[in-house]
Each structure stands twice: as C-alpha cells, then as structure tokens.
Amino acid sequence: MTAKTKRFPLQLASVVDKSSRTGHSESVSSRNVATPQTATQNAARNGGRGLSQSDRHGPTVAGYAQPHAAVPGSVPMISAAVRKAMVARIAKQGVKDAKVLAAMEAVPRHLFMEPALASQAYIDASLPIGYHQTISQPYIVARMIEVMRDNGQAGVLNRVLEIGTGCGYQAAVLSLVAKEVYSIERIKPLHELAKTNLRPLRIANIRLHYGDGMLGFPKVAPFDGIILAAAGLEVPQALLDQMTIGGRLVAPVGGRHQVLQLIERVSKFEWSSRTLEDCHFVPLRSGTV
C-alpha cells in the first residue's frame, strides 16, 4: 500500500521522546529488512553458545520492580551484561528509540521461558512457549514498539492494547513505555502462564484479559497504540475502530508471506497504512480455547 489515506476495511495484504530518537523517522519509512522469526536459524548462527552466569539483575526503570529472589522454574544468575549485548544488537539493527532500548534492557527475558530454553533467551530468535505459540524475537518486539511510539504525541502512550499475550514478555516491555497496558490472550493456559510470569515482577500497570483478541477490548477503548503478536490476512475492523485519532496500530499481515504494517487513524472514518518490512508470526485466530 502507499502512504495515501485509505478507507477501511481493506485487504491489508494488498495494500520518547524526540530527543532520544535521532534519525528515527527515516528508519520507519525507508528500511525493508527481512526479519524472519526462526529460532533454528538464529540459534545456529549463535553457535549454541550459552549465557554467562553472573549477576541476574538488570537496570531498574521507574515503576518497574525487578525480582530480588530466584523465581521458581527460572535460571538464576543470568548476566545483565548478556541482556545489554542483546540490546546493542537491536540498536545495530536500526532501533534508535532510547526509551524502548532501555525497556528491552530492563526486562529479564529468560524469566518468561522454560528453563531448558533460558540459555537461548538473549539470542535474536523467536522461541516456543507451548500450544504452537512463540515468544517473539527481541528485535521485532523493539521494532514494533518503536514504530508505535513514533506518533504525533512525542511518543506518549496513555493506553495500549496487545493482542496475543503469550508468555507475557512483550506486555512487560510495553509497561515501561505506556501508562496503561491491556493484553488479551485467547489460549487459557497461556493466559495463566503470563499471569504466573508477571506476578513476581510486580508490574502495576498491566491488565491481562482472557478473550478473543480479534474483538479487541471495547470496554476500555480507545487506545493510543495497538500491537498484534499474530498475523491475519487483514486487521479486524473492530481493532481499527478502537484506535484513537492519531493512534497507531502495528501488525503482521499476510499468509505464507507476511509483512509488518503500520496503520494510523487519520479521522473517525479514515486510516492510512504503510508496509514496513518482512516478518514471520504465528497465525491470528478468532475465538478462545
């Protein structure tokens, strides 16, 4: 699609703060980087290297409490330096938003994964979390949040909606860049898993909801930002209707070939859309299980 204003619904498959994002506007519109979320390729590229086992505590961000005791089922003493190296790779890939990078550095990704996979937590890969779902690769998490924050309100996000809570990792990152985070998961065991993972972190501004993400969350709409963690052939009209004027929605769109789409709400009945780059996500489905 072009950047021209469109009227929806459409088949989309056819179609911080400024001081901390130097050169960011060019990065949103000009890159067309393929970012397949394939854990196998990324793990092979990293040579199966494990993580150092030193200090497990990362940087503290206002309003976010890092756990000070070992979480049951987690790998203790994973180095904050490894998380910092992950963030450095993300920055090298083009993510410039300092607030997003700080959030990525603050959230202990390994706490959201099975112990057997914790040693791979900080490579740039999506990894399985059960029920045919994945935790998204770090780069794509940072990229989508950066794009959502690059709005006309100097990055201010009062209320954000996430479709597809999964294990809760992206919701934790979102909690550091938005005042309120609402996250919907359609798979009951994953909804419960996210609650279990997030509880030790004591994050006050996340609200988890079990339900059909394709319907959005009209009771608490509108949202300044919406992120989808699964790909459909089009973005549901219900989600478009729940955006604020000037709000941004970032979603993977497509079937076998997927692209990351940015949709901005221009007025009550108008939205604009841009294709950002290639990506690969699990499919977006309706209903609950």
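Gain on full extension, evaluated as 0.36 nm per residue between ILE245 and SER286 minus their Cα-Cα distance, stands at 12.2 nm.
For segment 167-187 and segment 207-275, write down the distance between their C-alpha centroids in whole Å. Here the answer is 15 Å between Cα centres. Using the Cβ-Cβ distance between ALA85 and LEU233 with R0 set to 35 Å, the FRET efficiency works out to roughly 0.40. Maximal additional length on extending the ARG202-VAL220 stretch stands at 4.3 nm, based on 0.36 nm per residue less the C-alpha distance.
For ALA116 and LYS179, FRET efficiency with R0 = 51 Å and r from the beta-carbon atoms, rounded to 0.05? Don't jump to the answer; show the numbers that get you there.
On the way: r = 36 Å, r/R0 = 0.70.
After rounding to 0.05, the efficiency reads 0.90.
For GLU180, the solvent-accessible surface with a 1.4 Å probe is about 60 Å², rounded to the nearest 10.
Using a simple spin-label model with pseudo-atoms 7 Å out from Cα toward Cβ, SER272 and ALA98 lie 2.8 nm apart.
Counting heavy atoms of the protein chains alone, THR244 has an accessible area of about 30 Å² for a 1.4 Å probe.
The values are calculated or read from the model by the stated rules, or taken from the named source; none is laboratory data. Since the model is a prediction, treat every value here as computed from it, not as a measurement. Cβ coordinates were reconstructed from backbone atoms using ideal geometry, including for glycine residues, and neighbour counts include every protein chain displayed. We work out accessible area using only protein heavy atoms, side chains counted, and drop any ligands, DNA or RNA first. Shrake-Rupley method; radii C 1.70, N 1.55, O 1.52, S 1.80 Å.
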